[in-house]
Amino acid sequence: MDRRKFLKTGLLGGVPFLTNGCDSIDTIKISKPIVIATWHTSDDANEAAWDVLESGGYALDAVEAGVKVEEADPNNMTVGYGGRPDREGNVTLDACIMDEKGDCGAVVFLKDIMHPISVARKVMEETPHIMLAGEGAKQFALEQGFEAQNLLTPKAEQAWQKWLKTSEYKPVVNIENHDTIGMLALDKEGRLSGACTTSGAAWKMHGRVGDSPIIGAGLFIDPEVGAACATGLGEEVVKTAGSALIVELMRQGSTPEEACKEAAQRIVDRNKRENRSLKNTQVGYIALNKNGAYGAYGIQKGFNCRVYNTEVGNQRIDAKHLI
Ligand code: ASP
């Protein structure tokens, strides 16, 4: 029998009984719809996604609607409008989206457009490509009817001015560099989708792109298996192909939580081998398998996420951590 038919469920919940790898997924109760997003502050984003899912809507619409809430929120200083700028004072945005067919779209180094996730979706649906960058991405967005606007809020500008006094690039774990919203959803029809959007690492070099818009790093979906996404120091996620790794581990039988833990462990092991300190490094992963089982894991204490289904409501989950 196909190994893909023996998915186990997540330790954090979602599906009420665990398998030992011997039950066909056909016999497993499937928990759907469901949405999970990085960081407990994503409660409003989850609500927006849930509204779509509960009424029988499409998972792709749900994740887009969900993360747009954070993109438009000036108080979220790591996503979209109000995001912290790079070291030269530019807000530059990265986002990607992926659907149940494994189709995807991304934008990187996009300026002046409040909803990069919607531009990423347009790249997926309206172009023969999967990724547009910088000026080309902005030009495409404008052609698609998006409006250009200044995304640097007075609050973010003040924070930048303050940072300029020391100009020290030293990510603060769980605060400055780790609030990308990544969202995964499974709709009533069993379609999996994901979205990931960020203003990236605060005070990054001009032109820097992290993991969040990179399919396989910041987000990955295999409709036959499940989905994963990342938040945290993007360079570490890219170096270990974090989200693709998690999906592959789930394919081989790991629960979502086990897979997230193993992906976090790879980062820790790699840095240990090179005698590099992980003191200022946080990476958090979330995963959702095609049955609606979910899990999360972080390198350091402090990573959390939010899950919404009929069983738990819109619930905060504090992820386990390695360090
Ligand atoms: N992963 C993002 C990046 O490296 C940062 C974050 O999660 O806040 O660009």
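The values are calculated or read from the model by the stated rules, or taken from the named source; none is laboratory data. This structure is a prediction, so every number in the text was calculated from the model and none was measured. Cβ sites come from the backbone with ideal geometry, for glycine too, and all protein chains shown count toward neighbours. Just so you know, the surface numbers come from the protein's heavy atoms only, side chains and all, with ligands and any DNA or RNA stripped out. Shrake-Rupley method; radii C 1.70, N 1.55, O 1.52, S 1.80 Å.
Per residue, segment 97-172 exposes an accessible area of 53 Å² to a 1.4 Å probe, with every protein chain left in place.
Overall, the anisotropy analysis places segment 87-198 in the oblate class: the square-rooted eigenvalues a ≥ b ≥ c of its C-alpha gyration tensor yield a/c not less than 1.5, with a/b not exceeding b/c. Out of every Cα-Cα pair that the chain contains, those further apart than 24 angstrom amount to 48 percent. The gain in end-to-end length when the Q144 to E262 segment is fully stretched comes to 38.4 nm, 0.36 nm per residue minus the alpha carbon separation. If the segment from H206 to E135 were pulled out straight at 0.36 nm per residue, it would be longer than the present Cα-Cα gap by 24.2 nm.
Shown for the chain: the carbon plus sulfur share of the solvent-accessible area, taken with all protein chains present and a 1.4 angstrom probe, equals 48%. Can you give me the angle between helix 154-166 and the longest principal axis of the chain, using Cα atoms only, in degrees from 0 to 90, rounded to the nearest 10? Between helix and principal axis, roughly 80 degrees.
With the simple spin-label model, which puts each label point 7 Å out from Cα in the Cβ direction, the Q252 to K239 separation comes to 2.1 nm.
Let me check against my output: what whole-number percent is the relative contact order of the chain, with C-alpha pairs under 8 Å and at least 6 apart? Dividing the mean separation by the residue count of the chain yields 24 percent.
For segment 130-140, the Karplus equation 6.51 cos²θ - 1.76 cosθ + 1.60, evaluated at θ = phi - 60°, returns couplings of 10, 8, 10, 10, x, 4, x, 5, 5, 4, 4 Hz by residue, with Gly and Pro reported as x.
Pairs spanning more than 32 Å between alpha-carbon atoms, out of K188/K272; K68/K188; K138/K261; K101/K170; K68/K101; K138/K320: K188/K272; K138/K261; K101/K170; K138/K320.
Multiplying the residue separation of R316 and K301 by 0.36 nm and subtracting their alpha-carbon distance yields 3.9 nm. Compute the acute angle (0 to 90°) between the alpha-carbon long axis of helix 43-54 and the principal axis of greatest extent of the alpha-carbon atoms of the chain; round to the nearest 10°. For helix 43-54, the angle is close to 50 degrees.
Between K155 and D44, what FRET efficiency follows from the Cβ-Cβ distance if R0 is 25 Å, with the result rounded to 0.05? The value I calculate is 0.85. Heavy-atom accessible surface of segment 197-303, averaged per residue, reaches 30 Å², computed with a 1.4 Å probe. Rounded to the nearest 5, the antiparallel percentage of DSSP beta bridges internal to segment 181-260 is 90%. A simple count of charges around E126, restricted to other residues whose Cβ falls under 13 Å of its Cβ and scoring Lys, Arg +1 and Asp, Glu -1, yields -1. In the chain, the longest principal axis of the Cα atoms and the axis of helix 242-251 are about 10 degrees apart.
Taking θ as phi - 60° and the Karplus parameters 6.51, -1.76 and 1.60, the scalar couplings of segment 71-85 work out to 4, 8, 8, x, 7, 8, 8, 10, 9, x, 4, x, x, 5, x Hz in sequence order, x denoting glycine and proline. Annotation: amide H of G232 within the under-5 Å range of D179, T180, G284, sequence separation 5 or more or interchain, hydrogens built in the peptide plane.
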